[in-house]
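What follows is calculated from the coordinates using simple rules that are stated; it is not laboratory data. This structure is a prediction, so every number in the text was calculated from the model and none was measured. Glycine also receives a Cβ, built like all others from the backbone with ideal geometry; neighbour counts cover every protein chain displayed.
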């Protein structure tokens, strides 16, 4: 995955966020290049969701900056961020349960930057998520969890954003549904969109992403690449904060198959 | 959470420190009250009356702040308690033989008895407190917007009942012939009593618990504080203080009708609390006296212009405009009020502010 | 036959309160603000009608509409927009202050004495069907009320701004994260509330021809009672609540003997308290859990 060649599209620069007196994110810096898939993993309360909310200006920053295509988002409100080309698939889907599937998609289009091509964008979404087309006039609240997740992603991409932020898209879904979601994400990546993926299911996210940041207590504890997804010791070290270089240097996993090797299992959940 | 602070308050302290802790926050409001009271004697009769009104209205604000200041819930209905206190004291202070002819429909025990000054003030506090206790039993479960609307509804009910139930009051008419016993001494002493009660509550175990529950309801519940119970105590006590203030008020006015204890007074007392700073007793007192002063200045200023109608006691409308504007500006610019929501502290006293004390 | 008469009158009054209630409900929906100054919109329109007495009726109504919308937008811009992130209690106190400010201004400018609006007084004439005596105003109230409620429903259902208003009412944060501009939605709600308030005013004017500083307050408080009782979260339940309160008020007023009638207000306020305690999402809404009060 060649990353170095491309320009940075999203830069988070020394960002701090606090809830009251509790720091949630502390001087966090990370860069995402155009077309790249970056995952953010880490234990509960590490500040993953806060990072995405901060980029969307849904929570206030206490210090630092976020730049989209070199332009600071400091003075922007949430709706302006959306209309500048960042779309969020929020944690827990957050689709509008009372509104129909179609109305949810229409809301997704509010942030579109070009006046033309809305119909094509909608068709593309229908092709990618047939379920959305099937239930177009149904109240979104009646959809199953997996269908709602697909709708939430569809709602984000009809805006044709440059950067797609996904917060825990696999949360609460059955394994087969998770496969569908990741297949959809793979297709979105093919279309050239930049993706920032926050996940509890670390292994799957790491394997999917070009690069991964491991967050703990609001700071970046480690960086990983896709190949690390199968390296159990490396993962464990990244999560629990052992001397990562030493572990990486040792190279030989000992003592049988570690638990983290099971697919869809999270080292933090043991 | 303010856990360390709470422990500090609970823990035993050398007497000197305890005195210092209580003396300064209490001294400010007390001193200000006495200054206004004493100063009033230097002015003409009409200004004196305004200053006495200021003291009594401030007592109502202190009553409101016992609940709102400690619970963080804004009540739009405290003038209900002022109203029932005023009506109870008023109707029982009206001479019995006069009542029999003017209001024959009153219940016998109200019609045929009358009370002395002090007893009628105590009655105002009692009636206000009991009414607040009854109403509060239901209302303390609400907070925020729900509490705001519900307390507003209580005000509507109180007005509707007082205005139409001729068994307990004058109905749509005014209660006349109430002895005007509230002068300089009683107005000053009444406000001091209210401040004392409010401060004692605030410093008590109950007051501190309620404040803790406001800062963090979940943690308070976790540490065994029954939020509703604490709110109810504050609500009933603040109703009693408001009822007492209403009784003092009625003895200042000499007569009272339902419209004098309705929306305009609600607005005025709420404006005072908000302008002064809703979170502290100091804010209630400063706000009450400051807005009263503003009111008087404007009233004096426009005297030459306004046609003197029948309702001389009603503040002229332009002073209401000014108070509303001041209130809005305070909400926008300094939402915690001009005192910043804090009690007076020594550090604040050492600054040029000293002049006030 | 007497009861049919009562019923017709009650439906007419219900329609008027439904208009006011929908305005309050829409603003609450998109801003989470209970606007205690809503009634002063009707008051402002009422004094405009008084001041324009003698102009052609259509022009007077349009002027009143312009004034009402202007007051609504000023209210939003100057007093409420800066408080977008403040607590609901703070904004409630603010709207109370705004209400008082506007009433004080009216009292200073026009005094507490009533002023006659003198609009569409002909509508008070009636025609008879058998024993029924039906005012033209009653027909107008039902027709105009029905048409406007239908139009607002269509607007909310069909237009993009309407959709964005519904989304904002349901979850403001997410709606904005999707690109919905809060100010557009809020201004939209205030404009519609102004239109509805003006319509209600025009229909109230023939039967309550005297405008005082408290003219709007009395109407808005009752409408607010309806909104709370019906359920503030949704425009439909707020409207139904408004209709219900107007209807019930009219019916009970006709049916109750005079001695009990005077306590009607207490009963309605009592109902508000009971609903807030027992079923905070309102009587006309399905969910019982989702209260944002």
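Structure summary
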quantity	calculated
Angle in degrees between helix A:175-190 and the longest Cα principal axis of chain A, rounded to the nearest 10	80
R0 of 51 Å, Cβ-Cβ distance residue A:72-residue B:35: FRET efficiency to nearest 0.05	0.45
0 to 90° range, to nearest 10: angle between helix C:136-158 axis and chain C longest Cα axis	20
Computed FRET value (nearest 0.05) for residue C:59 with residue A:97, which takes r as the C-beta separation and R₀ as 60 Å	0.85
The protein assembly as shown: C-alpha gyration tensor shape, a/c 1.5 cut-off, then a/b vs b/c	oblate
Tilt relative to chain B, helix B:117-139 - C-alpha long axis, 0 to 90 degrees, to 10	60
Beta bridges by DSSP in the protein assembly as shown, antiparallel share as percent, to the nearest 5	60
Sum of -39500 (n - 2.57) over DSSP H runs of 4+, divided by residues of the protein assembly as shown (222 nm, nearest 500)	-19000 deg cm²/dmol
Gaussian network model of chain A, Cα within-10 Å springs - most flexible of A:141, A:85, A:117	A:117
Length released on extending from residue A:225 to residue A:137, taking residue separation times 0.36 nm less the Cα-Cα span	27.5 nm
Shielding score for B:326-332, defined as the mean number of other chain Cβ atoms within 10 Å	5
Segment residue B:119-residue B:221, length gained on full extension (0.36 nm per residue, minus Cα span)	32.7 nm
Rounded, prolate or oblate (a/c below 1.5 giving rounded, otherwise prolate when a/b exceeds b/c) for the range C:1-113 by Cα gyration tensor	oblate
Shape category assigned to the range C:14-214 from the gyration tensor of Cα positions, a/c cut at 1.5	oblate
Choice from B:330, B:62, B:79 showing the highest fluctuation, given a GNM over chain B with Cα pairs closer than 10 Å	B:330
Extension reserve of the residue C:283-residue C:158 stretch, reckoned as 0.36 nm per residue once the Cα distance is removed	42.3 nm
Computed E for residue A:27/residue C:136 - FRET, C-beta separation, R0 60 angstrom, nearest 0.05	0.25
Computed log₁₀ I(q)/I(0) - Debye formula, equal Cα scatterers, no solvent, the range C:214-285, q 0.17, 0.19 Å⁻¹	-0.60, -0.74
Spacing of the two label points (7 Å from each Cα toward its C-beta) at residue C:261 and residue B:137, in nm	3.3
Listed residues C:162, C:130, C:270, most fluctuating in chain C (Gaussian network, C-alpha, under 10 Å)	C:130
Virtual spin-label span in nm between residue B:102 and residue C:126, 7 Å along Cα→Cβ	4.1
A:179, C:157, A:162 arranged by Cβ crowding within 10 Å, fewest neighbours leading	C:157, A:179, A:162
Two-site label geometry, residue A:113 and residue B:205: point separation in nm, points 7 Å out along Cα→Cβ	6.4
